[in-house]
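The values are calculated or read from the model by the stated rules, or taken from the named source; none is laboratory data. This is a predicted model, so every value here is computed, not measured. Cβ atoms come from the backbone with ideal geometry, glycine included; neighbour counts cover every protein chain shown.
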Amino acid sequence: MSLILLMILGVTISNDAGVEGYYSDLRYTIADTVTRDTIIRDTIIPNTELRSYWSLNFTYQHPGYQIQTDNNLQLSTAALADYLNFNFTKTLNSFLALTAVADGEIRYYHDYFSQLQDSILRNSYLNGKLNINLQYRFTEQIIINATDEIEHQHYLPADSFYYNYYLNRTKLTFNAPLGDFSTLLLECGFNRLWTPNQPRQNYTEYNVYLNWDSYLIQTWNLQLENFFSRRTYSDTTRSYLELNPSLFISRELGSALEVSFNENPRLTWFDETTAVYQNQITNQLGMEIEFRPNSVLTFRFGPQTELLRSFERITAQDYYEFALNLGIDLIHAPGLWCSVEDRLGTRHYLLNDSAFQSNYRFNEFNFYGSWKILNTASGELRLELMLNISPEWHQEAIDNLAALTSSIQLQYSW
């Protein structure tokens, strides 16, 4: 009876609760950086975290406005945390709408289970955000959004690495169709970071993002993007501009086969170069073939190349890389989904003096899975799995690296 009354009043309440286990393992060797043949020690850094959580969602729907709140409470072997979100949306008239979003998070790290944690230093913190968005609709398809957001991060305690800051983000977005099969998105932003006790970290940033998405012919899709950013610090050696265009083309060859091509260069130019901050360009070029024999299975594979080049001279950071991407997606309605990805390749440094890093082979394996174990009128029980294994086999054996990350989550929603 109470549920029916809440629905009549426009109120919706939902809950999620679950438990999750997380494990990571990093293995590497610390060696003398001068002799390179003196091994100081082999290092293994394991990290285990067990977590329980409860999330409560409350929504009130009114003809003129909507209020939505989410609260997520977490208790783990590493921390106690609570995240609160408040969202208010009001339609002012037929073409103008206002949205206000407030976020707050508190995270306290404890050491009651220090034997399960790695050596990474963690600082407790408070975080708060306030976001105001004004949306103007010229037509049903032409939309302008003006957004301003202020964020404050406060550590308990703060230090030179975990420093308190205020961050203001202002953005103007224009979205419109170009014909029947194309859309244009333009975003202009201004960001400013202010740190009370670390003035060296203060910066101002301007950025522009442009996206054009078009279906030229029935079976062709073309996407052009370009991101430009200019960030300035008081220290000119850290100030830079960045240009990141990208191109994506895909074509469907029947209902079961699709071929795609992507090109993604990135140019970074510093006001003043140093040994660390170098003017450089990176570029990713790849092709993928996707085969869908039925509605359940999808196979993906294709080659990919990547390179990094410094402009003034060859540096120890410069490399070229070749990889082969393989993937399988399984979607078994209504409650089973999993994805397997494997990326095998090699990386070669142009200055292979091994002072920075030696050439290596790698294998990046990822598995994601979701299974709806139980689905009833009152709720559902879901199991989520994630596994990442990333070994590197270097020309210099002391540079070998192996990383493993895994998590398992059992969630009940009602």
Of (1) of a type in the set (Asp, Glu); (2) at pLDDT below 90; (3) surrounded by 16 or more Cβ atoms within 10 Å (Cβ to Cβ), Asp32 satisfies every one except (3)
Within the stretch 60-74, the residues that are surrounded by fewer than 16 Cβ atoms within 10 Å (Cβ to Cβ) and without any contact (Cβ under 8 Å) to a residue 40 or more places away in the chain are Pro63, Gly64, Tyr65, Thr69, Asn71, Leu73
Restricting attention to the stretch 205-223, the residues that are among the aromatic types (Phe, Trp, Tyr) and touching a Gly at 6+ places or on another chain (Cβ under 9 Å) number exactly 2
Within the stretch 365-379, residues surrounded by fewer than 14 Cβ atoms within 10 Å (Cβ to Cβ), touching a residue at least 12 places away in the same chain (Cβ under 8 Å) and either outside any strand (DSSP E or B) or β-branched (Val, Ile, Thr) (or both) come out as Ile373, Ser378
Pairing a residue in the stretch 166-190 that is in contact (Cβ under 8 Å) with a residue 12 or more places away in the chain with any residue that is in a loop (DSSP other than H, G, I, E, B), where Cβ atoms lie under 6 Å and the two sit 6 or more apart in sequence or on different chains, gives Ala176/Ile142; Pro177/Gln141; Phe181/Tyr215; Leu184/Leu178
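On the basis of being touching an Asp or Glu at 6+ places or on another chain (Cβ under 7 Å) and in a strand (DSSP E or B), does Ile144 make the cut? Spell out the reasoning first.
Details: touching an Asp or Glu at 6+ places or on another chain (Cβ under 7 Å): no; in a strand (DSSP E or B): yes.
When the stated conditions are applied, Ile144 does not pass them.
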Within the stretch 191-199, can one find any residue that is surrounded by 14 or more Cβ atoms within 10 Å (Cβ to Cβ), out of contact with any helix residue (DSSP H, G or I) (no Cβ under 8 Å at 6 or more places or on another chain), at pLDDT below 95 and within 26 Å of Glu149 (Cβ to Cβ)? yes
Original post:
Does Leu344 satisfy the criteria of being of a type outside the set (Ser, Thr, Tyr), within 27 Å of Pro293 (Cβ to Cβ), at pLDDT 95 or above and exposed (fewer than 15 other Cβ atoms within 10 Å of the Cβ)?
Top reply: yes
If we keep only residues of the stretch 380-412 that are surrounded by 15 or more Cβ atoms within 10 Å (Cβ to Cβ) and of a type in the set (Gly, Ala, Ser), then the residue nearest to Arg51 (Cα to Cα) is Ser407
Restricting attention to the stretch 236-251, the residues that are modelled with pLDDT under 95 and either among the hydrophobic types (A, V, I, L, M, F, W, C) or loosely packed, with under 15 Cβ neighbours inside 10 Å (or both) number exactly 2
Going through the stretch 89-113 in order, the residues found to be among the aliphatic types (A, V, I, L, M) and farther than 17 Å from Pro63 by Cβ are Ala100, Val101, Ala102, Ile106
Check: Does Gln357 satisfy being modelled with pLDDT under 95, in a loop (DSSP other than H, G, I, E, B), closer than 18 Å to Pro391 by Cα and touching a strand residue (DSSP E or B) at 6+ places or on another chain (Cβ under 7 Å)?
Finding: yes
Note on the stretch 125-151: residues farther than 24 Å from Val208 by Cα and at pLDDT 95 or above are Tyr125, Leu126, Asn127, Gly128
Given the conditions (1) out of contact with any strand residue (DSSP E or B) (no Cβ under 6 Å at 6 or more places or on another chain); (2) surrounded by 15 or more Cβ atoms within 10 Å (Cβ to Cβ), every one holds for Glu140 apart from (2)
